[in-house]
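**Q** What follows is a structure written as structure tokens; I'll ask about it next.
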Amino acid sequence: MNLFFLRNQCQSRMKMLGFVVLSIFGWCPLAWGQTEQAGTADRRAQRPEFQYTVHFASESGLDVLVPEKWGVLRASLMNGRSEPRDLLCSMYFDQDPSLQFGRQVWIPAQSILRIDHPILIPKCDPAKGRSLDLHSLVIDRSSSNEVLVRGEGEGLLSDGALMVTHHSQNTAIIGKPSGSADAQPEEISDLVKACRVELGLGNNVTWLGEPFLPPDEIGLDALDQIVVADDRIINDFAATAALRRWLNAGGHLWIMLDRVDPVMLSMLLGDDFKGYVVDRVGLTSVRVDEAPVLSGLKGMIGETVEYEDPVDLVRMAVADVNVTHVVNGWPAAITIPCGDGKLLITTLGARGWMRTWPEGAVRPSDPLMTSNFRPSEPMANVSDNFFRLRKPELLHSGAIEPQTREYIGYSVLSWSLIVGTLLGF
């Protein structure tokens with residue numbers, strides 16, 4: 001008994017001595033393990049279980065929001081739990097809290113999900129400014145009871161404000177803006193801005209330079225004109241289909257064929273476009289003439305302009321289209337009606353359609369109405385038709401829905417009538 005007590009006492013003293021020695025040298029396994037576990041617990045405590053963020057732009061970078069038109073916002077959701085969640089994201093404005101726009105999403109465990117959230121911008125008074133208060137909330141539908149989700153340290157309701165534009169016309173360019181790695185030349189935006197300023201529309205232009213373009217026409221509803229200046233959309237079939245539907249619904253589309261592959265025309269028009277590209281040349285002397293009319297009368301002869309750096313011209317043969325201007329007998333500007341919309345095709349480079357301001361000319365003092373260039377007379381005629389307002393819908397789909405239901409609608413028979421008929425047989 002005494003030996004057993006002495007052995008235990010020696011083992012206890014040896015452990016105590018080892019602990020003291022290790023403590024002197026600054027390392028203790030037990031203390032380090034406790035510190036590591038505490039740090040991990042702190043990091044887990046700092047990581048929220050759920051985060052919901054609304055970005056006031058779409059995945060394509062389109063931030064044009066127009067009252068009484070559809071717009072698309074981007075939302076980010078982070079699920080920090082170890083199980084997936086079935087959520088319902090909802091947004092509404094102060095103007096009508098009873099009208100909410102929701103989207104149901106499923107987000108896996110330990111993941112981040114980014115979605116596009118369509119909303120209809122309400123009507124607002126321009127005299128009250130451009131800001132609209134937006135509220136958003138998230139409902140968890142993973143269990144039988146729907147509950148509002150509260151973010152870590154956040155409330156149940158997220159508030160924000162988005163900026164709308166009251167411009168009557170909005171133009172976007174599909175291409176890379178200046179400053180990016182594969183940016184388009186400045187001449188493209190200079191030409192579009194010059195045309196808008198000449199018509200008194202302002203020099204505001206939106207660039208669609210993100211990797212993802214709007215996959216449906218709802219994301220393009222706020223735009224009146226779109227200029228295609230690169231081939232990126234050719235490999236995006238969803239964006240091409242959305243652009244085609246937007247065009248036929250009344251949009252105005254401008255394809256700069258000197259910057260875009262001609263296959264774009266086949267993707268948009270199919271067999272309706274009868275034409276092919278012959279070759280591509282560079283011109284140091286450019287004269288844009290009006291195309292002759294069907295009666296045989298020749299159009300107005302344009303002014304000849306010399307260039308040190310050649311201007312590209314895509315020479316193509318076309319049929320059954322309206323050629324408005326030609327260069328050396330080759331089509332330079334082509335217009336094609338597409339449903340309720342208009343398609344403009346230019347084969348001459350942007351520099352051939354604009355001129356520098358003449359010396360001594362008085363420029364507008366308004367910074368929104370300034371431009372470094374002015375469109376040439378042929379382009380002024382072309383842009384006057386292109387930058388017109390989109391025609392409103394002749395008859396809204398909601399107006400004919402009740403009448404349509406009367407013709408194609410049906411009602412399900414009650415079970416008592418079915419059972420009674422079977423019993424009768």
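The values are calculated or read from the model by the stated rules, or taken from the named source; none is laboratory data. All values derive from a computational prediction rather than experimental measurement. Cβ: placed from backbone, ideal geometry, glycine included. Neighbour counts: every protein chain shown. Surface areas here come from the heavy atoms of the whole protein model, side chains and all, with no ligands, DNA or RNA. Shrake-Rupley method; radii C 1.70, N 1.55, O 1.52, S 1.80 Å.
**Q** Quick check on the stretch 336-348. Is at least one of its residues open to solvent by less than 10 Å² (accessible area, probe 1.4 Å) and not in a strand (DSSP E or B)?
**A** Yes, the stretch 336-348 has at least one match.
**Q** Which one of these is touching a strand residue (DSSP E or B) at 6+ places or on another chain (Cβ under 8 Å), aliphatic (A, V, I, L, M) and over 17 Å from D216 (Cα atoms): L62, L77, L73?
**A** Only one candidate qualifies: L77.
**Q** Mind listing whichever residues of the stretch 262-276 are exposed (fewer than 15 other Cβ atoms within 10 Å of the Cβ) and either among the basic types (K, R) or assigned to a strand (DSSP E or B) (or both)?
**A** K274, Y276
**Q** For the stretch 205-220, what are the residues that are in a loop (DSSP other than H, G, I, E, B), open to solvent by less than 50 Å² (accessible area, probe 1.4 Å) and out of contact with any Pro (no Cβ under 9 Å at 6 or more places or on another chain)?
**A** Correct list: V205, L213, P214.
**Q** In this structure, is R141 open to solvent by 50 Å² or more (accessible area, probe 1.4 Å) and within 16 Å of H55 (Cα to Cα)?
**A** Answer is no for this residue.
**Q** Can you pull out the strands (runs of 3 or more DSSP E) entirely within the stretch 56-133 that have at least 1 residues that are closer than 25 Å to P177 by Cα and either of a type in the set (A, V, I, L, M) or open to solvent by less than 30 Å² (accessible area, probe 1.4 Å) (or both)?
**A** By residue number, 70-79, 111-120.
**Q** Is it true that G202 is in a loop (DSSP other than H, G, I, E, B), in contact with a Lys or Arg (Cβ under 7 Å, 6 or more places away or on another chain) and either closer than 21 Å to M369 by Cβ or without any contact (Cβ under 8 Å) to a residue 24 or more places away in the chain (or both)?
**A** yes
**Q** Working only within the stretch 278-308, note down all residues that are surrounded by 11 or more Cβ atoms within 10 Å (Cβ to Cβ), of a type in the set (V, I, T) and under 22 Å from K342 (Cβ atoms).
**A** V288
**Q** Kindly provide the set of residues from the stretch 243-294 that are touching a Phe, Trp or Tyr at 6+ places or on another chain (Cβ under 6 Å) and closer than 18 Å to G352 by Cβ, ordered by number.
**A** T284
**Q** Given the criterion closer than 17 Å to D312 by Cα, out of contact with any Gly (no Cβ under 7 Å at 6 or more places or on another chain) and either surrounded by 16 or more Cβ atoms within 10 Å (Cβ to Cβ) or hydroxyl-bearing (S, T, Y) (or both), identify the matching residue among I233, I255.
**A** When all the criteria are applied, what remains is I255.
**Q** Given the conditions (1) open to solvent by 50 Å² or more (accessible area, probe 1.4 Å); (2) in a strand (DSSP E or B), which single one is not true for P358?
**A** So the condition that P358 fails would be (2).
**Q** When the residues of the stretch 312-323 are narrowed to those that are over 14 Å from R287 (Cα atoms) and assigned to a strand (DSSP E or B), which ends up most open to solvent (accessible area, probe 1.4 Å)?
**A** N322
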